[in-house]
Amino acid sequence: MKKFLSLLLAMTLVLSCLSLTSALAEPTKIRIAWLDLSENDKMDPLSGIVTKGSGELKALIESKLDNVEIEIVNVPGDGWIQTMEVLCTSGEVDMGWYTNQVLAAEWFLDNRELMANDPVFTEEYFEATFTPVAKQYTRYHTYDFPQYKDAIIGLPYDMGSYWYMYDAELFEQWGVEMPAQEDLTFEKLLELAQKTTGINPVTGQQNYGCFIRPYWCEWVGVGFDMYKMIDDDEMDITKFDIAANVDYIKDSPEVLRYFNILKGLIECCPPGAASNSGWENFMTADNNIAIMLDCSHTNTYLNYLYGGMTEVTDRFKPFLPLTGEQGVTGFPEVHHVAICKNVAPEKRDICWEINKLIATDTDILNWLYHNHSWTSVPGLVDTTGIEIMDNEFAAMRYQDRLQHSLITDDYWHWREPINAMLSSFFAGQLTPEQAREQFHADVTKWVQNKQAQAK
């Protein structure tokens with residue numbers, strides 16, 4: 001009996017020591033580089049709304065995992081691609097943020113490797129969990145790196161969802177009525193801008209019918225049906241069909257329509273709009289712009305909306321980007337967090353758990369939508385428990401992204417060329433016909449250069 005009690009005591013001591021050792025073990029530290037996610041809380045000076053800093057997100061992730069310490073490395077917006085590349089490829093961080101394709105396949109793991117060994121989060125689970133646009137821009141498709149085709153790079157936690165706005169007060173002063181969303185066309189939009197440009201008949205002040213600039217203006221063209229959507233099983237640029245996917249531009253009525261209407265809209269803008277000036281009073285009592293067609297200047301609407309500031313939201317009204325016969329519109333942006341390729345082997349499984357949490361955990365997603373991803377909507381098919389979906393405007397934008405997102409395997413062959421020429425067009429250096437001709441020439445050159453590099 002004494003021997004038994006001694007053995008029992010020894011076993012108890014061993015177990016106690018093991019338990020103590022485990023309790024004292026250093027937590028595994030995971031560093032995540034994240035765009036514009038600073039440690040400090042921020043207060044919006046207009047609405048008074050406070051968004052929480054990354055410390056609260058760090059604590060939330062840690063609370064859902066055992067013995068893990070999270071550090072979030074804030075990456076400023078200026079030069080973020082270069083900064084993120086250095087952090088993710090140098091071993092300074094274990095995980096990182098990215099949007100759409102960029103150089104993600106060079107920086108991050110293909111999650112299919114991890115899904116193959118996960119009994120729950122399989123590739124089939126991925127397909128069933130996320131929306132079509134979120135899946136499209138998480139699976140890698142690019143002519144720059146065809147070897148990574150179909151790789152699942154990171155996991156999506158939201159979909160970008162953008163909108164335009166108009167000033168109902170200015171419309172009333174001009175005696176102009178804004179049509180319902182379903183009745184809007186680009187021709188009607190131009191007509192409205194022209195009718196509200198000039199000296200306001202009530203205030204006697206100069207008004208401008210719209211504000212638009214080269215930045216993101218290429219995405220307006222999606223609603224004009226001026227781009228061919230690419231469905232390429234190989235992503236081999238040497239086999240790219242120039243005749244089908246480029247030469248149509250030469251005589252395209254859709255491309256010419258885009259440049260003609262864009263020319264008219266530019267003429268209704270304040271001086272300096274091309275260089276992003278003249279919009280500063282938008283959504284204030286001194287506003288002089290009737291229609292805001294620059295999505296980067298409509299985001300603050302949510303501050304007023306969520307802050308209950310009806311003096312602003314009763315006057316300034318949002319509407320969604322317009323679609324054409326293809327039924328698609330806007331920038332199909334999707335935001336992700338992914339695992340770095342050179343992460344330490346012993347950290348891979350922990351990073352995978354973190355990656356799944358960020359993309360699917362309701363608590364974490366609610367934190368992100370309330371504090372960081374204000375202008376975005378969920379990338380999940382099942383939005384149960386997502387609080388912003390109780391907001392009518394957010395729910396409408398979510399449905400819009402489900403129904404009208406651009407789904408294409410590549411868009412850089414036209415995006416880079418049109419971006420390069422838009423400044424010249426805004427400066428009046430090209431007529432709409434010349435712009436169409438230049439667009440065709442530049443896309444052809446882009447593809448041919450890529451083909452030459454690939455040989």
Search the stretch 74-102 for residues that are without any contact (Cβ under 8 Å) to a residue 60 or more places away in the chain and hydroxyl-bearing (Ser, Thr, Tyr) and pair each with any residue that is open to solvent by less than 40 Å² (accessible area, probe 1.4 Å) and part of a strand (DSSP E or B) when their beta-carbon atoms are under 6 Å apart and the residues are at least 6 apart or on different chains.
-> Thr83/Val75
Say we look at the stretch 359-373 and pick out the residues that are open to solvent by less than 40 Å² (accessible area, probe 1.4 Å) and assigned to a loop (DSSP other than H, G, I, E, B); which of these is nearest to Asp66 (Cα to Cα)?
-> Asp361
Pairs where the first residue, in the stretch 397-411, is within 24 Å of Pro318 (Cα to Cα) and the second is hydroxyl-bearing (Ser, Thr, Tyr) and open to solvent by 20 Å² or more (accessible area, probe 1.4 Å), C-beta under 8 Å, 6+ apart = Tyr398/Thr383; His404/Thr323
Residues Ile199, Ile212: which one is without any contact (Cβ under 8 Å) to a residue 24 or more places away in the chain and among the aliphatic types (A, V, I, L, M)?
-> Ile199
Report the residue count in the stretch 330-358 for those that are over 20 Å from Thr129 (Cα atoms) and not in a helix (DSSP H, G or I).
-> 7
Matching residues in the stretch 161-184 (without any contact (Cβ under 8 Å) to a residue 12 or more places away in the chain, open to solvent by 40 Å² or more (accessible area, probe 1.4 Å) and under 31 Å from the mean Cα position of the chain (by Cα)) number 3
Picking from Glu433, Glu392, Glu387, which residue would you name as being more than 27 Å from Tyr125 (Cα to Cα), charged (D, E, K, R), free of Cβ contacts under 8 Å to residues at least 40 places away in the same chain and open to solvent by 10 Å² or more (accessible area, probe 1.4 Å)?
-> Glu392
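When the stretch 136-180 is examined, which residues are found to be more than 30 Å from Thr362 (Cβ to Cβ) and of a type in the set (S, T, N, Q)?
Those that are more than 30 Å from Thr362 (Cβ to Cβ) and of a type in the set (S, T, N, Q): Thr142, Gln147, Gln173.
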Among (1) of a type in the set (A, V, I, L, M, F, W, C); (2) assigned to a helix (DSSP H, G or I); (3) out of contact with any Asp or Glu (no Cβ under 8 Å at 6 or more places or on another chain), which single condition is Leu406 missing?
-> (2)
Within the stretch 142-160, work out how many residues are in contact with a His (Cβ under 9 Å, 6 or more places away or on another chain), charged (D, E, K, R) and open to solvent by 10 Å² or more (accessible area, probe 1.4 Å).
-> 2
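Test Arg401 against the criterion of being of a type in the set (Lys, Arg), touching a helix residue (DSSP H, G or I) at 6+ places or on another chain (Cβ under 9 Å) and crowded, with 17+ Cβ neighbours inside 10 Å, and give yes or no.
Spelling it out, Arg401 is indeed of a type in the set (Lys, Arg), touching a helix residue (DSSP H, G or I) at 6+ places or on another chain (Cβ under 9 Å) and crowded, with 17+ Cβ neighbours inside 10 Å.
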Taking the stated definitions as given, is Thr323 closer than 30 Å to Tyr227 by Cβ, open to solvent by 30 Å² or more (accessible area, probe 1.4 Å), hydroxyl-bearing (Ser, Thr, Tyr) and out of contact with any Pro (no Cβ under 9 Å at 6 or more places or on another chain)?
-> yes
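Among the residues in the stretch 239-246, are any surrounded by fewer than 20 Cβ atoms within 10 Å (Cβ to Cβ) and closer than 30 Å to Met309 by Cα?
no
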The number of residues in the stretch 375-384 that are surrounded by fewer than 21 Cβ atoms within 10 Å (Cβ to Cβ) and out of contact with any Ser or Thr (no Cβ under 7 Å at 6 or more places or on another chain) is 3
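The values are calculated or read from the model by the stated rules, or taken from the named source; none is laboratory data. Note that the structure is a prediction, hence the values are computed from the model and not measured. Quick reminder, even Gly has a Cβ in these numbers, built from the backbone with ideal geometry, and neighbours come from all protein chains shown. Please note that ligands, DNA and RNA were not included when accessible areas were found on the heavy atoms of the full protein model with its side chains. Shrake-Rupley method; radii C 1.70, N 1.55, O 1.52, S 1.80 Å.
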